[in-house]
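Engineer: Here's a structure for you.
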Amino acid sequence: MEKKCIRVPLLEQADEKALELNGARFDVNTVNWPSAFPYAPIVAGRIGRTADSLLVSWRVSGLDLTVRNTQDGGTIWEDSTCEIFLQAPGCDKYYNIEVNAAGFLLVACGTGRGDRVMQAPEVMARIVRKAEVKAPVDISDEVKTWALTIRIPFEVIGLDPSKLPAKLLGNIYKCGDKTAHPHFLSWAPIDTPNPDFHRPEFFGEFLLG
């Protein structure tokens with residue numbers, strides 16, 4: 001399977017306007033498990049970077065709006081959630097950053113699903129979020145539209161901003177494990193029999209050069 005690739009532009013400012021005007025557009029629209037989980041909300045976003053941070057935004061339109069987790073470090077993936085997984089080339093570990101519609105997040109690091117190490121609260125707190133949704137909320141069978149933007153300091157994912165690699169490996173996701181219409185969408189396709197985002201062999205490439 002050929003790797004998907006996106007060039008991440010350098011932004012002059014670390015703000016939403018700069019990201020909207022100059023960030024690279026992406027779509028999270030791959031339904032990898034259509035038989036079991038056919039539902040697909042509309043999900044698009046933009047990605048860009050500054051000298052010291054990665055910026056990512058998502059816009060979601062679809063059924064349900066669920067935020068039960070109202071603090072960092074919870075079971076974020078069960079809510080209406082957007083995610084980005086990131087890995088430095090040559091490193092066996094990767095970071096999963098999962099953010100629900102209200103901006104509460106989970107950050108962990110490891111080589112696979114079975115050995116995740118949750119990052120400290122003060123580390124997670126360094127990720128800046130802007131979310132429109134107020135929690136808690138649990139709405140089913142109604143179409144809702146919402147947006148989310150995060151800024152991830154490169155140091156949070158183990159990178160020295162002065163020595164960035166030419167690219168990062170990773171994937172971008174949209175999920176809602178315990179929403180009324182569970183769904184598991186990805187930017188880069190995943191070839192597994194069941195939903196599993198923790199598969200770095202299917203990561204695409206984010207070009208930073």
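Engineer: Please go through the stretch 8-30 and pick out each residue that is touching a residue at least 60 places away in the same chain (Cβ under 8 Å) and surrounded by 15 or more Cβ atoms within 10 Å (Cβ to Cβ). Walk me through it before giving the result.
Structural biologist: First pass over the stretch 8-30, keeping only residues touching a residue at least 60 places away in the same chain (Cβ under 8 Å): 8, 14, 16, 19, 26-30.
Across the stretch 8-30, the qualifying residues are Val8, Ala14, Glu16, Leu19, Phe26, Val28, Thr30.
Engineer: Would you say Ile127 is farther than 14 Å from Ala88 by Cα and in contact with a helix residue (DSSP H, G or I) (Cβ under 7 Å, 6 or more places away or on another chain)?
Structural biologist: Values: farther than 14 Å from Ala88 by Cα: yes; in contact with a helix residue (DSSP H, G or I) (Cβ under 7 Å, 6 or more places away or on another chain): yes.
Yes.
Engineer: Any residue that is without any contact (Cβ under 8 Å) to a residue 12 or more places away in the chain and closer than 21 Å to Glu155 by Cα - is there at least one of those in the stretch 58-75?
Structural biologist: no
Engineer: Could you list all residues from the stretch 107-132 that are touching a Pro at 6+ places or on another chain (Cβ under 6 Å) and hydroxyl-bearing (Ser, Thr, Tyr)? Working first, answer last.
Structural biologist: Taking the stretch 107-132 first, the residues touching a Pro at 6+ places or on another chain (Cβ under 6 Å) are 126.
None; the set is empty.
Engineer: Scan the stretch 81-95 and give yes if some residue there is within 16 Å of His181 (Cα to Cα), touching a strand residue (DSSP E or B) at 6+ places or on another chain (Cβ under 7 Å) and of a type in the set (Val, Ile, Thr), otherwise no.
Structural biologist: Filtering the stretch 81-95 down to residues within 16 Å of His181 (Cα to Cα) leaves 81-82.
Then keep just the ones that are touching a strand residue (DSSP E or B) at 6+ places or on another chain (Cβ under 7 Å); that gives 81-82.
Cutting the leftovers down to of a type in the set (Val, Ile, Thr) gives us 81.
Yes, some residue in the stretch 81-95 is within 16 Å of His181 (Cα to Cα), touching a strand residue (DSSP E or B) at 6+ places or on another chain (Cβ under 7 Å) and of a type in the set (Val, Ile, Thr).
Engineer: Considering the stretch 113-124 alone, what residues qualify as being out of contact with any Phe, Trp or Tyr (no Cβ under 9 Å at 6 or more places or on another chain), outside any helix (DSSP H, G or I) and surrounded by 12 or more Cβ atoms within 10 Å (Cβ to Cβ)?
Structural biologist: First, pick out the residues of the stretch 113-124 that are out of contact with any Phe, Trp or Tyr (no Cβ under 9 Å at 6 or more places or on another chain): 114-118, 120-124.
If we keep only those that are outside any helix (DSSP H, G or I) too, we end up with 116-118, 120.
The answer is Arg116, Met118.
Engineer: Scan Val128, Val67 and give me the residue that is under 22 Å from Arg25 (Cβ atoms) and touching a Ser or Thr at 6+ places or on another chain (Cβ under 9 Å).
Structural biologist: Working: Val67 fails: under 22 Å from Arg25 (Cβ atoms).
Sole residue among the options that is under 22 Å from Arg25 (Cβ atoms) and touching a Ser or Thr at 6+ places or on another chain (Cβ under 9 Å): Val128.
Engineer: Looking only at residues that are of a type in the set (Asp, Glu) and in contact with an Asp or Glu (Cβ under 8 Å, 6 or more places away or on another chain) in the stretch 130-155, which one is surrounded by the most Cβ atoms within 10 Å (Cβ to Cβ)?
Structural biologist: Narrowing the stretch 130-155 to residues of a type in the set (Asp, Glu): 132, 138, 141-142, 155.
Keeping just the survivors that are in contact with an Asp or Glu (Cβ under 8 Å, 6 or more places away or on another chain) gives 141-142, 155.
On the way: Asp141: 8, Glu142: 10, Glu155: 13.
Among those residues, the one meeting the criterion is Glu155.
Engineer: For the condition touching an Asp or Glu at 6+ places or on another chain (Cβ under 8 Å) and closer than 27 Å to Lys144 by Cβ, what is the one hit in Ala36, Ala44, Ala24? Talk me through it step by step, then tell me what you get.
Structural biologist: On the way: Ala36 fails: touching an Asp or Glu at 6+ places or on another chain (Cβ under 8 Å); Ala24 fails: touching an Asp or Glu at 6+ places or on another chain (Cβ under 8 Å).
Result of the check over Ala36, Ala44, Ala24: Ala44.
Engineer: Which ones in the stretch 195-209 are within 17 Å of Glu98 (Cβ to Cβ) and in a loop (DSSP other than H, G, I, E, B)?
Structural biologist: Step one: of the stretch 195-209, the residues within 17 Å of Glu98 (Cβ to Cβ) are 195-200, 203.
Correct list: Pro195, Asp196, Phe197, His198, Arg199, Phe203.
Engineer: Same structure again: Report, ordered by the first and then the second residue, all pairs with beta carbons closer than 8 Å, sequence separation of six or more or different chains, a first member in the stretch 187-209 that is farther than 16 Å from Asp27 by Cα, and a second member that is of a type in the set (Asp, Glu) and surrounded by 19 or more Cβ atoms within 10 Å (Cβ to Cβ).
Structural biologist: Partner pairs satisfying both residue conditions: Phe197/Glu83.
Engineer: Report yes if Pro182 is in a loop (DSSP other than H, G, I, E, B) and crowded, with 16+ Cβ neighbours inside 10 Å, otherwise no. Let's see the steps before the verdict.
Structural biologist: Numbers: in a loop (DSSP other than H, G, I, E, B): yes; crowded, with 16+ Cβ neighbours inside 10 Å: no.
When the stated conditions are applied, Pro182 does not pass them.
Engineer: For the stretch 2-55, how many residues meet the condition of being β-branched (Val, Ile, Thr) and more than 17 Å from Phe184 (Cβ to Cβ)?
Structural biologist: Narrowing the stretch 2-55 to residues β-branched (Val, Ile, Thr): 6, 8, 28, 30-31, 42-43, 47, 50.
Still in the running and more than 17 Å from Phe184 (Cβ to Cβ): 6, 8, 47, 50.
Matching residues across the stretch 2-55 total 4.
Engineer: Still on this model: Contact list please: Cβ distance under 7 Å, first residue in the stretch 129-150 and among the aromatic types (Phe, Trp, Tyr), second residue buried (at least 18 other Cβ atoms within 10 Å of the Cβ) and modelled with pLDDT of 95 or more, pairs at least six apart or on different chains.
Structural biologist: Trp146/Val60; Trp146/Leu65; Trp146/Ala101; Trp146/Val133
Engineer: Continuing with the same structure: If you go through the stretch 16-68, how many residues are in a loop (DSSP other than H, G, I, E, B) and among the aliphatic types (A, V, I, L, M)? Give the derivation first.
Structural biologist: Step one: of the stretch 16-68, the residues in a loop (DSSP other than H, G, I, E, B) are 23, 28-29, 32-41, 50-52, 68.
Keeping just the survivors that are among the aliphatic types (A, V, I, L, M) gives 28, 36, 40, 51.
Of the residues in that region, 4 qualify.
The values are calculated or read from the model by the stated rules, or taken from the named source; none is laboratory data. Note that this is a predicted model, so its numbers are computed, not measured. So basically every Cβ, Gly included, is an ideal-geometry build from the backbone, and we count neighbours across all protein chains shown.
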